[in-house]
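Here's the structure we're looking at; comments come further down.
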Amino acid sequence: MHLGYIAPSVHTKAIEIGFSGAVLVQQNDKDLAKGAYGYANKSDCVPNNLNTRFGMASGCKLFTAIAICQLVEQGKLAFEGRLSAYLPNVDVNFPHFSPDITVHHLLTHSSGIPDYFDEETMDDFAELWQSSPMYTLRRLADFIPMFGELPMKFTPGERFHYNNAGYILLGLLVEELSGLEFADYVEQHIFRACGMERSGYFVMDALPTNTALGYIDESNGIWRTNIYSLPVKGGADGGAFVTAPEMLLLWQCLLNHTLLSPELTTLLLTPHIHEGAEEYYGYGVWITMQNGELFKFHLMGADPGVSFRSAVYPACGVTVIILCNESRGTYQMLQAIEKCL
């Protein structure tokens, strides 16, 4: 283990790949590396800084899973409870869905429901907006027409299939059982509990100060922002904005049981389903094993103009946050850091 090499490795890799974003690496409350690179606004040459807000795409599925676990703790639903028991009009809005879909199936991407963006058959996120303009997607319910009447892909529990629509349904459960809009619930019961004052679900056409614009490389050095490439407001399947220090707070509060009881925290971080090789999925979090031993808990997200990676390595007490306002970059940065672990 060469933890002393992390800071120079981060800087060297960032310069090598032209990284645009923020990086924070800590071990037991000690900074091993931190820094910001590139521009939050390329046109005006506004640099990124450590407290810049960045989109995290699907990385925030963890927030949805935490919200569901909190409702389980409150006795408002059960992991093995069926979707139809908690969500009204399931038979109307989702006429072809299996009645056997449970909360656990949705959390572990094993429900078998169709996705509004199916990574097995689609590779261009922008295709979605031809029939459903992104500026109309401001609430979770706005996504229902995009997948509600499609047929099931497989029997619930049969296999893992990464599924954004499943997390939309989990968000609708949060709204139904809490009486709050999903974003308001997360901001009140997760962000506020962790002291995450700068993080939130911001609308793309009204971003707050010190928020990085997402950039898509059009080739030949030409860039455009992602404002027309993503739903106007994020939700239960992705799209929150966080800072690097506040994402570190989230991990700390999760692992010290500020957000959930020890029992529910352990359940959230349990490898529930095998995704492939030594990769597993818990509730809203990826889990990597090496030689039968736990290597890391990690989150990842990728959207046009957004790249995100974050990981906790329990054996050495290291936490990594990597936020990027371009479509690529965080994977290479994480690899450089892991070579030192």
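The values are calculated or read from the model by the stated rules, or taken from the named source; none is laboratory data. Everything numeric here is computed off the predicted structure, so don't read it as measured data. Note that each Cβ is placed from the backbone with ideal geometry, even for glycine, and that neighbours are counted across all protein chains shown.
Only one of these conditions is not met by Leu137: (1) crowded, with 20+ Cβ neighbours inside 10 Å; (2) at pLDDT 95 or above. Which number is it?
If we test Leu137 against (1) crowded, with 20+ Cβ neighbours inside 10 Å; (2) at pLDDT 95 or above, just (2) comes out false.
Can you name the condition, by its number, that Pro99 falls short on among (1) surrounded by fewer than 18 Cβ atoms within 10 Å (Cβ to Cβ); (2) within 19 Å of the chain's Cα centre (by Cα); (3) at pLDDT 95 or above?
With respect to (1) surrounded by fewer than 18 Cβ atoms within 10 Å (Cβ to Cβ); (2) within 19 Å of the chain's Cα centre (by Cα); (3) at pLDDT 95 or above, Pro99 is out only on (2).
Could you list, in sequence order, the residues of the stretch 72-92 that are surrounded by 16 or more Cβ atoms within 10 Å (Cβ to Cβ) and either at pLDDT below 95 or closer than 15 Å to Glu176 by Cβ (or both)?
Val72, Lys76, Leu77, Arg82, Leu83, Ser84, Tyr86, Leu87, Val90, listed by residue number.
Can you name the residue in the stretch 1-27 that is in a helix (DSSP H, G or I) and of a type outside the set (A, V, I, L, M) and is also farthest from Pro314 (Cα to Cα) among such residues?
Glu16
Restricting to the stretch 76-94, name every residue that is at negative phi and in a loop (DSSP other than H, G, I, E, B).
First, the residues of the stretch 76-94 that are at negative phi: 76-88, 90-94.
Those that are at negative phi and in a loop (DSSP other than H, G, I, E, B): Lys76, Leu77, Ala78, Phe79, Glu80, Gly81, Leu87, Pro88, Phe94.
Scan the stretch 54-69 and give yes if some residue there is charged (D, E, K, R) and either surrounded by fewer than 20 Cβ atoms within 10 Å (Cβ to Cβ) or not in a helix (DSSP H, G or I) (or both), otherwise no.
Scanning the stretch 54-69 turns up no residue that is charged (D, E, K, R) and either surrounded by fewer than 20 Cβ atoms within 10 Å (Cβ to Cβ) or not in a helix (DSSP H, G or I) (or both).
Please go through (1) farther than 20 Å from Leu106 by Cβ; (2) in contact with a His (Cβ under 6 Å, 6 or more places away or on another chain) for Thr265 and return the number of the only condition it doesn't satisfy.
Result: Thr265 passes all but (1).
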